[in-house]
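Take a look at the structure below.
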Amino acid sequence: MSLDRDFIVGLPKAELHLHLEGTLEPELKLELARRNGVDIGQTAIEEVRATYDFHDLTSFLAVYYPAMQVLVTEQDFHDLAMAYLRRAAADGIVHAEMFFDPQAHTDRGVAFSTVIDGLWSAVQEAPSLGVDASLIMCFLRDLSAESAMETLEASLPYRDRIVGVGLDSDERDNPPEKFSEVFSRAREAGYRLTMHCDIDQADSIGHIGTVLHRIGVERIDHGTNIVEDPALVAEARERGIGFTCCPLSNSFVTETMKGREIVDLLRDGVKVSLASDDPAYFGGYLVDNVVALAEGMDLTREDVARLARNSLEISWLDADRRAQYLDRLDRYVAG
Ligand code: ADE
Ligand code: ZN
């Protein structure tokens, strides 16, 4: 079998860095705007796409958050997640850990229960598509630590529906230590921990050190600036820290897809996986990201199989399920 798109689609793999709000395609955005009577300032697909003009994380987020006002009812959140899960199934994703940003909705007056009930009903339906799904709740780092703590408290009645917590939104002036208390409380509550360390931020490497040493995350979302510190790379490799890298997203918010960094880490034995971040905004889903990296960096069959293997190994699946998928992956690669 050669390294073509079909081979990549067929690899059993996990998607671990996917913002559900970032899967809101222009078609669904307009449909929900109509359904809910929300004026978003655009009525045609091309008009929506014309607003997708960003060159860094801040300018992306300035387009991203206002669009969420079309998400109002439990059905809207359900429809959003189901649309993504259908695409995930078509991409050969067997397990998806999906981020959601409750504060982006509760701050507009949508109840936490509306968000979680809508998303949860989609998670329950996912196995009918051949996908295992779970939810990771992200805190918005540009809001206060108190707001994050309140959100954590609001989530506790739904503890069994949420596998872990993450941290996203604008990293500038919002370092990880701002949320150290929230994350230690989340750990006590049994949540798994991940955090964004976005690409080329002011003091990226300092933030990566903090999330590894002070916060104690199991994974880092993005995080490829770690290559600037070989001692931290060695530590991440030894501790089996997972990295969820997003080439297409990188090429929107920085100059390049950071292919060299991703591939060096991968071949150095660091547990790197690929993911799609906000696919409705960054031009592609998971397989598109793998194909872009494979073409841009001349990846081998072993490289892409390793990326798929890492995604399963660093996932928060239970051990039995993970072993089943790894076995399926081995048989696929051997066959
Ligand atoms: N929210 C959605 N996508 C994000 C990203 N790549 N970084 C930070 N916050 C985000
Ligand atoms: Zn992200």
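The values are calculated or read from the model by the stated rules, or taken from the named source; none is laboratory data. These numbers come from a predicted model, not from an experiment. Cβ sites come from the backbone with ideal geometry, for glycine too, and all protein chains shown count toward neighbours.
If you check Asp160, Asp203, which single one turns out to be on the phi > 0 side of the Ramachandran plot and over 19 Å from the mean Cα position of the chain (by Cα)? Step by step, each of Asp160, Asp203 is checked, and only Asp203 is on the phi > 0 side of the Ramachandran plot and over 19 Å from the mean Cα position of the chain (by Cα).
Scanning region 206-217 for residues that are under 20 Å from the mean Cα position of the chain (by Cα) and over 25 Å from Val253 (Cβ atoms) gives a single hit, Gly216. For Ser134, indicate whether it is away from ligand 1 (no atom under 16 Å from the Cβ), assigned to a strand (DSSP E or B), under 27 Å from Pro12 (Cα atoms) and among the polar types (S, T, N, Q). Against the criterion (away from ligand 1 (no atom under 16 Å from the Cβ), assigned to a strand (DSSP E or B), under 27 Å from Pro12 (Cα atoms) and among the polar types (S, T, N, Q)), Ser134 qualifies.
Here is the figure for region 199-231: residues that are assigned to a helix (DSSP H, G or I) and farther than 27 Å from Leu286 by Cα total 8. The set of residues in region 12-36 being surrounded by fewer than 24 Cβ atoms within 10 Å (Cβ to Cβ), under 30 Å from Met195 (Cβ atoms) and away from ligand 1 (no atom under 16 Å from the Cβ) consists of Pro12, Pro26, Leu28, Leu32. Filtering region 148-188 to residues that are part of a strand (DSSP E or B) and either without any contact (Cβ under 8 Å) to a residue 60 or more places away in the chain or touching a His at 6+ places or on another chain (Cβ under 8 Å) (or both) leaves Ile162, Val165, Gly166, Leu167, Asp168.
Taken over region 37-62, residues that are loosely packed, with under 15 Cβ neighbours inside 10 Å, of a type in the set (S, T, N, Q) and under 26 Å from Gln75 (Cβ atoms) amount to 1.
You will find that of Leu232, Leu326, Leu274, Leu317, the residue that is without any contact (Cβ under 8 Å) to a residue 24 or more places away in the chain, surrounded by 16 or more Cβ atoms within 10 Å (Cβ to Cβ) and of a type in the set (A, V, I, L, M) is Leu326 and no other. Considered as a group, the residues in region 89-106 that are over 22 Å from Pro66 (Cα atoms) and within 16 Å of ligand 2 (Cβ to nearest atom) include one that is surrounded by the most Cβ atoms within 10 Å (Cβ to Cβ), and that residue is Ala96. Taking the conditions exactly as written (within 16 Å of ligand 2 (Cβ to nearest atom) and either of a type in the set (A, V, I, L, M) or at pLDDT below 95 (or both)), does Leu193 satisfy them or not? Yes; evaluated as a whole, the condition is true for this residue.
Working only within region 1-11, note down all residues that are buried (at least 19 other Cβ atoms within 10 Å of the Cβ) and assigned to a helix (DSSP H, G or I). Within region 1-11, just Ile8 meets the criteria. Taken together, the residues in region 164-178 that are surrounded by fewer than 21 Cβ atoms within 10 Å (Cβ to Cβ) and more than 12 Å from ligand 1 (Cβ to nearest atom) amount to 4.
Can you work out which of the residues in region 115-132 that are free of Cβ contacts under 8 Å to residues at least 24 places away in the same chain and touching a strand residue (DSSP E or B) at 6+ places or on another chain (Cβ under 9 Å) is nearest to Tyr65 (Cα to Cα)?
This residue is Gln124.
Once region 180-200 is narrowed to residues that are crowded, with 22+ Cβ neighbours inside 10 Å and within 14 Å of ligand 1 (Cβ to nearest atom), the residue that is nearest to Ser134 (Cα to Cα) is Thr194. Scanning region 12-57 for residues that are over 19 Å from the mean Cα position of the chain (by Cα), hydrophobic (A, V, I, L, M, F, W, C) and not in a loop (DSSP other than H, G, I, E, B) turns up Leu28, Leu30, Leu32, Ala33, Ile45, Val48, Ala50.
Selection of region 133-147 for residues being touching a residue at least 24 places away in the same chain (Cβ under 8 Å) and either over 19 Å from the mean Cα position of the chain (by Cα) or over 20 Å from Asp221 (Cβ atoms) (or both) yields Leu143, Ala145, Ser147.
Within region 76-95, does at least one residue satisfy the condition of being of a type in the set (Ser, Thr, Tyr), assigned to a helix (DSSP H, G or I) and closer than 21 Å to Glu27 by Cβ? Yes, region 76-95 contains at least one residue that is of a type in the set (Ser, Thr, Tyr), assigned to a helix (DSSP H, G or I) and closer than 21 Å to Glu27 by Cβ.
Set side by side, the residues Gly296, Gly259 differ, and just one is within 20 Å of Ile205 (Cα to Cα) and at pLDDT 95 or above, which is Gly259. Screening Thr51 with (1) of a type in the set (Ser, Thr, Tyr); (2) farther than 30 Å from Arg5 by Cβ; (3) touching a helix residue (DSSP H, G or I) at 6+ places or on another chain (Cβ under 7 Å) gives one miss only, at (2).
Exactly one residue out of Arg260, Arg331, Arg267 is surrounded by fewer than 17 Cβ atoms within 10 Å (Cβ to Cβ) and either in contact with an Asp or Glu (Cβ under 8 Å, 6 or more places away or on another chain) or within 24 Å of Leu61 (Cβ to Cβ) (or both): that is Arg267.
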